[in-house]
Amino acid sequence: MKNPSLYNEKSKKDLLEELKLESFKRLTCSFYRYVSIVNLNSFRDLLYEEWSALKIFGRVYVSNEGINAQISCPQHNWKSYNEKLNTHRVLKDIPKNFAVEEGNSFHKLVIKVKDEIVAYGLNTNEYDMNFVGKHLSPREFNSAMNRPKSIIVDMRNYYESEVGKFKGAIAPSVETSRELLPEIKRLLKGKEESEILMYCTGGVRCEKASSFFIHNGFKNINQLTGGIINYGHQVRNNNLESQFIGKNFVFDARLGERITDDVISNCHQCGGTSDNHIDCNNDACHILFIQCYKCSKKYDQCCSIECMEFNRLSEDEKRTLRKDPDQVVSMTRNSTSGKPRLIT
Ligand SMILES: [Zn+2]
Ligand SMILES: [Zn+2]
């Protein structure tokens, strides 16, 4: 039996109401560490207890291989939160990556015990975290990108690189982490001696992927320290020339942080220039897609006419339709189990 005080039980509607009424500011931040963690369930419960007392929201994965956390902390609790983190040996002085653009990122705290903190589906004999790619600072990454033979690889899914990426980067056409490593291995076949420059959102995906590629015979694997988030800060605050163009996709309610004003993608409905990710307004769909302002008005923030029409029905009518399996299929044709997907 789950202990109700260790899990969120409020509805999304209530949580969003409460968030609106908050009179203080929040900080969005992410951190990860590959470190052996034992007694996972009690560790998870302890974190939930400590963090919910400080009104922390976010999405956190813990596993035997480490922790990956994206959180939102009330500004006035930041000091206490940091102190709490430091009481745990595995979290002591963990490097934090603050958001490039603030905004309401999360509205509840979810902490999950997982097999891996990044879901590559790797066996432990396929990599060795004692050997990871060389960490490059944003400035070093810029110089390395300028070397003509270096190969820049985006370690994210297609819907992320679609709205923003480094100039000249290989951006694999995959939708899940599980597909990513086999696809990149295929793309980099024969390049084992080349200088490989990897990047992802905050660094957690490159850390493990770099280890996998070293294990597979690659000799010169490098990774961007702190990922695009850290790079974005250097561009904004330290006059670094941005070789990243567009937006940094993020997995919270903000959906993206702008790094440069370039818009490199198109509306999935009319084809016009847009990099505005939308979560389809139909609760039975929730597909993630790119929609321009005009189409957003036209389709009421829905991905299709079907979703828009379904959304306009009364709650009773929706319920009846949901009971009929054939109707549900047509009304939710694009839905996937809550995972972001693109309309194709
Ligand atoms: Zn459009
Ligand atoms: Zn939809």
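The values are calculated or read from the model by the stated rules, or taken from the named source; none is laboratory data. What you see is a predicted model; the values in this text were computed from it and never measured. Because the Cβ atoms are built from the backbone with ideal geometry, glycine has one as well, and the counts that use them run over all protein chains shown. The accessibility values were calculated without ligands, DNA or RNA, using every heavy atom of the protein model including side chains. Shrake-Rupley method; radii C 1.70, N 1.55, O 1.52, S 1.80 Å.
Scanning region 71-100 for residues that are open to solvent by 80 Å² or more (accessible area, probe 1.4 Å) and either in a helix (DSSP H, G or I) or out of contact with any strand residue (DSSP E or B) (no Cβ under 8 Å at 6 or more places or on another chain) (or both) yields Gln75, His76, Lys79, Glu83, Thr87, Arg89, Lys92, Asp93. Of all residues in region 217-241, those that are part of a loop (DSSP other than H, G, I, E, B), open to solvent by less than 50 Å² (accessible area, probe 1.4 Å) and farther than 27 Å from Arg258 by Cβ total 2. Among the residues of region 257-274, those identified as open to solvent by less than 60 Å² (accessible area, probe 1.4 Å), away from ligand 2 (no atom under 16 Å from the Cβ) and either in a strand (DSSP E or B) or polar (S, T, N, Q) (or both) are Glu257, Arg258, Thr260, Ser265, Ser274. The listed residues are Phe131, Phe106, and the only one of them that is within 21 Å of Leu16 (Cα to Cα), aromatic (Phe, Trp, Tyr) and assigned to a loop (DSSP other than H, G, I, E, B) turns out to be Phe106. When Leu181 is tested against (1) open to solvent by less than 10 Å² (accessible area, probe 1.4 Å); (2) assigned to a loop (DSSP other than H, G, I, E, B); (3) touching a residue at least 60 places away in the same chain (Cβ under 8 Å), just one condition goes unmet, and that condition is (2).
Among the residues making up region 275-310, a single one is surrounded by 18 or more Cβ atoms within 10 Å (Cβ to Cβ) and acidic (Asp, Glu): Asp275. Considering every residue within region 257-264, establish whether at least one is within 16 Å of ligand 1 (Cβ to nearest atom) and either of a type in the set (Val, Ile, Thr) or within 17 Å of the chain's Cα centre (by Cα) (or both). So far as region 257-264 goes, yes, one or more of its residues are within 16 Å of ligand 1 (Cβ to nearest atom) and either of a type in the set (Val, Ile, Thr) or within 17 Å of the chain's Cα centre (by Cα) (or both).
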